[in-house]
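In what follows, a single structure is set out as structure tokens and then discussed.
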Amino acid sequence: MNNTSNIQTVEMSYGRITKQADNLIYLFLHDQLSIDVAEAQAMVTDVRDLAQSDQIRLLVSYGVNSDLTFGAQRYFANVTGFTHLAFVVHNRMQAEVGQFLVSMLRVFKSNYEFKLFYDVEAAENWLRKQ
């Protein structure tokens with residue numbers, strides 16, 4: 001784990017998790033990744049371990065040519081400990097998957113707010129206002 005100016009970074013098999021000085025958590029996922037329930041559970045555990053909080057504001061930058069199984073989407077919809085999730089996508093297909101996840105969050109009455117973005121800076125700005 002690196003710790004430079006209160007920034008902590010952890011490299012994982014699926015990507016990189018970074019905790020900023022303002023407690024925003026970033027999850028940059030690798031390209032060509034298929035995320036199933038087990039991988040989703042590992043991600044949530046790793047983010048919680050780094051965040052050391054139950055009020056997590058998370059920015060997820062989705063990898064190129066990656067997918068999220070239905071089971072993983074359902075798992076993410078029921079996760080607790082997060083307050084806001086910004087999901088940064090790179091193409092129309094990812095946006096469609098993201099919109100499906102937004103719908104699932106509503107159906108399952110998720111405990112956190114979720115928004116899709118095409119730009120990391122816009123996602124950061126939204127999270128910092130929360």
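Taking segment 54-77 as the range and being crowded, with 20+ Cβ neighbours inside 10 Å and either assigned to a strand (DSSP E or B) or on the phi > 0 side of the Ramachandran plot (or both) as the test, the residues that pass are 56, 57, 58, 59, 60, 68.
Matching residues to (1) charged (D, E, K, R); (2) surrounded by 15 or more Cβ atoms within 10 Å (Cβ to Cβ); (3) assigned to a loop (DSSP other than H, G, I, E, B); (4) at pLDDT below 85:
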position: 79; (1), (2), (3), (4): no, yes, yes, no
position: 83; (1), (2), (3), (4): no, yes, no, no
position: 86; (1), (2), (3), (4): no, yes, no, no
position: 94; (1), (2), (3), (4): no, yes, no, yes
position: 97; (1), (2), (3), (4): no, yes, no, yes
position: 124; (1), (2), (3), (4): yes, yes, no, no
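The set of residues in segment 21-78 that are of a type in the set (Lys, Arg) and under 12 Å from the mean Cα position of the chain (by Cα) comprises 48, 57. Of all residues in segment 16-31, at least one satisfies being of a type outside the set (Val, Ile, Thr), in contact with a Gly (Cβ under 8 Å, 6 or more places away or on another chain), outside any strand (DSSP E or B) and modelled with pLDDT of 90 or more. Please tell me if residue 48 is over 18 Å from residue 15 (Cα atoms) and either among the small types (Gly, Ala, Ser) or surrounded by fewer than 19 Cβ atoms within 10 Å (Cβ to Cβ) (or both). Considered against the rule, which asks whether it is over 18 Å from residue 15 (Cα atoms) and either among the small types (Gly, Ala, Ser) or surrounded by fewer than 19 Cβ atoms within 10 Å (Cβ to Cβ) (or both), residue 48 comes out as no.
The values are calculated or read from the model by the stated rules, or taken from the named source; none is laboratory data. These figures come from a predicted structure and were not determined experimentally. Using ideal geometry, Cβ is built from the backbone for each residue, glycine included, and neighbour counts are taken over all protein chains shown.
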